[in-house]
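A.B. asks: Quick one: the structure is below, questions incoming.
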Amino acid sequence: MKSESLGAFLKTRRDRVTPTDVGLRTYGTARRVPGLRREELAQLAGVSAGYYTRLEQDQATAASPQVIDALARVLCLDTAETTHLHNLARRPAMPRMSRPEPEQPHPRVLALLNSLSETTPAIVLGRRGDVLAWNGAGHSLVAEHVDFDAPDDLERRPSIPRMFFLDSHTRELHRNWSELARIHVAYLRLTSGRYPTDGRLAELIGELTMHSAEFASLWATGDVADCTEGPMDLRHPIIGAIDVAYQVWLQPDSPDHRLEVYTPRDAASADALRLLPREHGVLPRDHDRTSARG
């Protein structure tokens with residue numbers, strides 16, 4: 001799949017901003033574009049209309065950080081979107097795709113994972129959302145239908161984005177699937193800006209676009225977001241309805257590897273988590289499904 005360009009992202013963000021958002025008066029005149037005109041954006045950002053037009057058409061040389069910051073300000077971009085805009089501005093015009101070696105979990109991240117109690121579900125994710133490792137509770141919470149040792153096998157390594165959009169079990173698990181799906185797509189876009197030559201990432205995005213109409217629709221919005229914390233409302237096949245929060249922990253020297261930890265959001269969910277299988281998907285001997293929260 002062709003990687004996103006600076007011009008394409010600028011166009012989606014320009015369409016989103018109305019004159020009212022930036023204090024422009026329209027005097028009731030009809031407008032042919034949903035958002036700002038190119039000339040309006042250029043004037044507000046302090047660049048010429050011709051130069052901005054060339055940027056949006058991917059015909060200009062690389063924009064300076066000062067210009068990118070000015071455009072981000074006028075377009076009302078948040079931190080993640082501004083980061084993505086800078087990443088796209090630094091991207092080579094014709095990036096040569098490469099196929100990086102399969103990721104291996106960083107020892108420090110594994111040390112953090114191993115330090116957690118088995119009562120605390122956690123997984124380690126790579127840059128593309130591949131599961132690099134998990135503890136027993138993490139596996140049982142988010143992917144009990146997948147073999148526990150699958151992350152160790154490069155041919156079977158689970159991909160959270162693929163599971164989210166192409167696996168019916170994962171869709172059924174998440175009661176707030178639509179909210180989380182949007183975040184997954186927005187984070188993939190942020191990652192694609194950071195790694196424009198990652199052929200494996202481009203292949204993943206292309207595969208999901210081709211095989212999931214919902215992914216394709218969300219990707220077309222151009223939304224960008226970081227993915228650090230939020231709610232997960234689950235419908236677990238063993239312990240029933242449960243509400244947890246996910247939190248992402250990073251190591252400064254391995255920012256690609258994310259330790260995602262799940263904690264209960266209420267007392268009932270905390271009780272339900274205690275019923276999670278602790279080893280390789282096997283329920284604790286002193287509990288059965290009849291005692292799980294329904």
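The values are calculated or read from the model by the stated rules, or taken from the named source; none is laboratory data. All figures in this text were calculated on a predicted structure; none of them were measured in a lab. Every residue, glycine as well, gets a Cβ built from its backbone with ideal geometry; the counts of neighbours run over all protein chains shown.
A.B. asks: If only one of Ala80, Ala72, Ala63, Ala111 is in the same structural domain as Val17 (by TED's automatic domain parsing) and free of Cβ contacts under 8 Å to residues at least 24 places away in the same chain, which one is it? Break it down into steps so the answer makes sense when it comes.
C.D. replies: Values: Ala80 fails: free of Cβ contacts under 8 Å to residues at least 24 places away in the same chain; Ala63 fails: free of Cβ contacts under 8 Å to residues at least 24 places away in the same chain; Ala111 fails: in the same structural domain as Val17 (by TED's automatic domain parsing).
Being in the same structural domain as Val17 (by TED's automatic domain parsing) and free of Cβ contacts under 8 Å to residues at least 24 places away in the same chain holds for just one of Ala80, Ala72, Ala63, Ala111, which is Ala72.
A.B. asks: Now a separate question. Just to be sure before I move on: is Met210 within 24 Å of Ala133 (Cβ to Cβ) and either acidic (Asp, Glu) or more than 13 Å from the chain's Cα centre (by Cα) (or both) in the structure I sent?
C.D. replies: Criteria not met by Met210.
A.B. asks: Does Leu180 meet the test of being under 12 Å from the mean Cα position of the chain (by Cα) and surrounded by fewer than 21 Cβ atoms within 10 Å (Cβ to Cβ)? Even if it seems obvious, please write down each step before you answer.
C.D. replies: Values: under 12 Å from the mean Cα position of the chain (by Cα): yes; surrounded by fewer than 21 Cβ atoms within 10 Å (Cβ to Cβ): yes.
The answer is yes for Leu180.
A.B. asks: Can you find, within the stretch 87-108, the residue that is farthest from Trp249 (Cα to Cα) among those that are of a type in the set (A, V, I, L, M, F, W, C), in contact (Cβ under 8 Å) with a residue 12 or more places away in the chain and part of a loop (DSSP other than H, G, I, E, B)?
C.D. replies: My answer is Ala93.
A.B. asks: I'd like the full set of residues that are aromatic (Phe, Trp, Tyr) and either surrounded by fewer than 22 Cβ atoms within 10 Å (Cβ to Cβ) or in contact (Cβ under 8 Å) with a residue 24 or more places away in the chain (or both), limited to the stretch 154-164. First the steps, then the outcome.
C.D. replies: Of the residues in the stretch 154-164, the ones aromatic (Phe, Trp, Tyr) are 164.
Selection gives nothing.
A.B. asks: Sticking with this structure for a sec: So which helices (runs of 4 or more DSSP H) are wholly in the stretch 34-75 and hold at least 1 residues that are more than 18 Å from Pro19 (Cβ to Cβ)?
C.D. replies: Here the list reads 49-56, 65-74.
A.B. asks: Looking for whichever is assigned by TED's automatic domain parsing to the domain that holds Ile160, closer than 18 Å to His169 by Cβ and small (Gly, Ala, Ser) here; the options are Gly126, Gly138. Which one fits?
C.D. replies: Selected residue: Gly138, the only one of Gly126, Gly138 that is assigned by TED's automatic domain parsing to the domain that holds Ile160, closer than 18 Å to His169 by Cβ and small (Gly, Ala, Ser).
A.B. asks: Can I ask one more? Being of a type outside the set (A, V, I, L, M, F, W, C) and buried (at least 20 other Cβ atoms within 10 Å of the Cβ) narrows it down to one of Asp198, Asp167, Asp253, so name that one.
C.D. replies: Asp198
A.B. asks: Kindly check whether there is at least one residue in the stretch 141-153 that is surrounded by fewer than 19 Cβ atoms within 10 Å (Cβ to Cβ) and assigned to a helix (DSSP H, G or I).
C.D. replies: yes
A.B. asks: Inside the stretch 23-42, can you point out the residues that are surrounded by 10 or more Cβ atoms within 10 Å (Cβ to Cβ), modelled with pLDDT under 80 and not basic (Lys, Arg)? Break it down into steps so the answer makes sense when it comes.
C.D. replies: The initial filter retains those residues of the stretch 23-42 that are surrounded by 10 or more Cβ atoms within 10 Å (Cβ to Cβ), namely 24, 26, 31, 33-42.
Among the residues that remain, those that are also modelled with pLDDT under 80 are: 24, 26, 31, 33-34.
Residues satisfying the conditions are Leu24, Thr26, Val33, Pro34.
A.B. asks: Can you find a residue in the stretch 163-172 that is hydroxyl-bearing (Ser, Thr, Tyr) and in contact with a helix residue (DSSP H, G or I) (Cβ under 9 Å, 6 or more places away or on another chain)?
C.D. replies: Scanning the stretch 163-172, I find at least one residue that is hydroxyl-bearing (Ser, Thr, Tyr) and in contact with a helix residue (DSSP H, G or I) (Cβ under 9 Å, 6 or more places away or on another chain), so the answer is yes.
A.B. asks: Would you call Ile242 hydrophobic (A, V, I, L, M, F, W, C), surrounded by 14 or more Cβ atoms within 10 Å (Cβ to Cβ) and at pLDDT 95 or above? Steps first, answer last, please.
C.D. replies: Values: hydrophobic (A, V, I, L, M, F, W, C): yes; surrounded by 14 or more Cβ atoms within 10 Å (Cβ to Cβ): yes; at pLDDT 95 or above: yes.
So Ile242 fits the description; yes.
A.B. asks: May I ask you to say which residue of Ser117, Ser140 is in contact (Cβ under 8 Å) with a residue 24 or more places away in the chain, polar (S, T, N, Q) and closer than 21 Å to Leu276 by Cβ? Before you say what the answer is, go through the steps one by one.
C.D. replies: Numbers: Ser117 fails: in contact (Cβ under 8 Å) with a residue 24 or more places away in the chain.
Selected residue: Ser140, the only one of Ser117, Ser140 that is in contact (Cβ under 8 Å) with a residue 24 or more places away in the chain, polar (S, T, N, Q) and closer than 21 Å to Leu276 by Cβ.
A.B. asks: Within 30 Å of Leu234 (Cβ to Cβ), without any contact (Cβ under 8 Å) to a residue 40 or more places away in the chain and in contact with an Asp or Glu (Cβ under 9 Å, 6 or more places away or on another chain): which single residue out of Ala122, Ala133, Ala49 fits that description?
C.D. replies: The match here is Ala133.
A.B. asks: Shifting gears a bit: Looking only at the stretch 109-132, which residues are farther than 23 Å from Ile242 by Cα, not in a loop (DSSP other than H, G, I, E, B) and not acidic (Asp, Glu)?
C.D. replies: Those that are farther than 23 Å from Ile242 by Cα, not in a loop (DSSP other than H, G, I, E, B) and not acidic (Asp, Glu): Val109, Leu110, Ala111, Leu112, Asn114, Ser115, Leu132.
A.B. asks: Let me ask something additional. Consider Ser217 against the criteria (1) assigned to a helix (DSSP H, G or I); (2) free of Cβ contacts under 8 Å to residues at least 40 places away in the same chain; (3) surrounded by 14 or more Cβ atoms within 10 Å (Cβ to Cβ); (4) not aromatic (Phe, Trp, Tyr): it satisfies all of them except one. Which criterion is unmet?
C.D. replies: (3)
A.B. asks: Taking the stated definitions as given, is Thr79 in contact with a Lys or Arg (Cβ under 8 Å, 6 or more places away or on another chain) and modelled with pLDDT of 90 or more?
C.D. replies: When the stated conditions are applied, Thr79 does not pass them.
A.B. asks: Taking the conditions exactly as written (of a type in the set (A, V, I, L, M), over 22 Å from Tyr246 (Cα atoms) and not assigned by TED's automatic domain parsing to the domain that holds Asp15), does Leu154 satisfy them or not?
C.D. replies: Values: of a type in the set (A, V, I, L, M): yes; over 22 Å from Tyr246 (Cα atoms): yes; not assigned by TED's automatic domain parsing to the domain that holds Asp15: yes.
In short, yes.
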